[in-house]
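The values are calculated or read from the model by the stated rules, or taken from the named source; none is laboratory data. It should be emphasised that the depicted structure is a prediction, and the values quoted were computed from it without experimental measurement. Glycine gets a Cβ as well: all are built from the backbone with ideal geometry, and neighbour counts include every protein chain shown.
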Amino acid sequence: MSATTPENRTERLLSVDVLRGFNMFWLAGGTGLALGLLPFCGESIRARLLPQFEHAGWVGFTFYDLIFPLFIFVTGLSVVFSLDCVLQTGGLPGAYARIARRTLLLFALGVVYNGGVSSGWGDIRWMGVLQRIALCYGIASLLYCHLNPRNLIVMSVALLLAYALLLACVPVPGQAAVSWAKETHWAAWLDQHCLPGHKHEGSWDGNGLLGTLPATTNCLMGVWAARILRTQGLREIQKTVRLAAIGAGLCALALLASIEIPIIKLLWTPTYAMLAGGLSFLLLALIHGIVDVLQFRAWTTPFLWIGANALTIYLARNFMDFNALSVRLTGGGIAEAVGADAAYLLKVIVSLAFSLIFLRFLYQRKIFLRV
């Protein structure tokens, strides 16, 4: 990991940083803030919004299910912006070196984030959020180095089709028919036989081996989006419209295909990948339209602080307990004085404030930690 102090952040990256910041905001305290505000809303609003801040139990899709694939999508955006410069100056050897370094370092950080060897060498959790992002980045980056834009699209479609056919048409060994149950699918079978160490779901991991392939298509979708943003012949409004059209099309296709292939996050089914990718395109189109077309940027500052150091705050909130620090300042008799709901809201506001103060400190000193 290195600290960089860039003189300027290019205009074309502003929408990307804001989108990255919006995404990480929900992990940096935004979700707690939303949950803290819900008790003060009407009962019907609470009933509708509360499930959106939890993962779907198995089949289905909530707002919270978008955060992870959106981060992978943003990772795909960064592939184009970072590798194009490296390919021009260092060629393929330089690109390979950067891809290998970033992939291995991010994977290692993921292992440490999940506890490292704290439970013993035999109980390391080898696959997790950062590990999946690392592998998606590595695969998508190598494909970007060797395939033209059309073939990247073909590869994405091929990955989703192959995965769909495997899940929907081929029973796992020992099963007479295809099943969408939690323990009787190919992702679980492969993890049970090939993935050592601790597995988050018991016998398999929701961020395990097989699901990395369809998740890579979300990274490739970010690559497509970045190429649209960098197209010289398009006006900014045309880029926004194109991003929105692709997003709407992917969402429609995902909902249509979900009749046969359910939307399941833990399996990263093709319908889940397409729906999450479509919503990612739509969010990028919305932010690009507001920031780059309408030039309305006054609201973006906190998201820029977060987006510029997204990995930093993700790791920091694991290693530094901002919530515990917040309790030191808001605990005690406050709950008795203002009530449990107001006390919880105050706690999450202070915790989020600590995150933003930390990120503002880094941003103002032009310290941007990169893998």
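Against the condition assigned to a helix (DSSP H, G or I) and touching a Phe, Trp or Tyr at 6+ places or on another chain (Cβ under 7 Å), how does Leu213 come out, does it pass?
Against the criterion (assigned to a helix (DSSP H, G or I) and touching a Phe, Trp or Tyr at 6+ places or on another chain (Cβ under 7 Å)), Leu213 qualifies.
Would you mind finding the one in Gly110, Gly128 that is out of contact with any Ser or Thr (no Cβ under 7 Å at 6 or more places or on another chain), without any contact (Cβ under 8 Å) to a residue 60 or more places away in the chain and buried (at least 20 other Cβ atoms within 10 Å of the Cβ)? Talk me through it step by step, then tell me what you get.
Values: Gly128 fails: without any contact (Cβ under 8 Å) to a residue 60 or more places away in the chain.
The conditions single out Gly110.
Those residues that are buried (at least 18 other Cβ atoms within 10 Å of the Cβ), free of Cβ contacts under 8 Å to residues at least 60 places away in the same chain and small (Gly, Ala, Ser), I need them from the stretch 178-199; list them, please.
Ala188, the sole residue that qualifies.
Considering only the stretch 319-345, state which residues are surrounded by 14 or more Cβ atoms within 10 Å (Cβ to Cβ) and touching a residue at least 24 places away in the same chain (Cβ under 8 Å).
Across the stretch 319-345, the qualifying residues are Phe322, Asn323, Ser326, Asp341, Tyr344, Leu345.
Could you list, ordered by first residue, the pairs with Cβ atoms under 7 Å in which the first is in the stretch 259-278 and touching a residue at least 60 places away in the same chain (Cβ under 8 Å) and within 11 Å of Leu167 (Cα to Cα) and the second is in a loop (DSSP other than H, G, I, E, B) and among the hydrophobic types (A, V, I, L, M, F, W, C), at least 6 apart or interchain?
Hits for this filter: Pro262/Trp180; Thr269/Ile261; Thr269/Ile263; Pro270/Ile261.
Working only within the stretch 131-148, note down all residues that are in contact with a Ser or Thr (Cβ under 7 Å, 6 or more places away or on another chain) and among the hydrophobic types (A, V, I, L, M, F, W, C).
Ile133, Ala134, Leu135, Cys136, Ile139, Ala140 - these are the residues of the stretch 131-148 that are in contact with a Ser or Thr (Cβ under 7 Å, 6 or more places away or on another chain) and among the hydrophobic types (A, V, I, L, M, F, W, C).
Hey, does the stretch 261-278 have a residue that's surrounded by fewer than 17 Cβ atoms within 10 Å (Cβ to Cβ), β-branched (Val, Ile, Thr) and within 30 Å of Ala181 (Cα to Cα)?
no
Where in the stretch 1-53 are there helices (runs of 4 or more DSSP H), lying fully within it, with 3 or more residues that are modelled with pLDDT of 95 or more and in contact with a Gly (Cβ under 7 Å, 6 or more places away or on another chain)? Spell out how you get there, then give the answer.
Values: elements: 14-25, 31-37, 43-49.
Once the helices (runs of 4 or more DSSP H) in the stretch 1-53 are filtered for at least 3 residues that are modelled with pLDDT of 95 or more and in contact with a Gly (Cβ under 7 Å, 6 or more places away or on another chain), what remains is 14-25.
With respect to Arg20, is the statement that it is charged (D, E, K, R) and closer than 22 Å to Ala316 by Cα true?
yes
Conditions (1) charged (D, E, K, R); (2) assigned to a helix (DSSP H, G or I); (3) within 24 Å of Asn114 (Cβ to Cβ), marked per residue:
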| residue | (1), (2), (3) |
| --- | --- |
| Ile287 | no, yes, no |
| Pro302 | no, yes, no |
| Thr312 | no, yes, yes |
| Arg317 | yes, yes, yes |
| Leu329 | no, yes, no |
| Asp341 | yes, yes, no |
| Leu345 | no, yes, no |
| Leu356 | no, yes, no |
| Leu359 | no, yes, yes |
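What's the total number of residues in the stretch 216-243 that are part of a loop (DSSP other than H, G, I, E, B) and basic (Lys, Arg)?
The total comes to 2.
Can you tell me how many residues within the stretch 276-303 are among the hydroxyl-bearing types (Ser, Thr, Tyr) and closer than 21 Å to Pro69 by Cβ?
1
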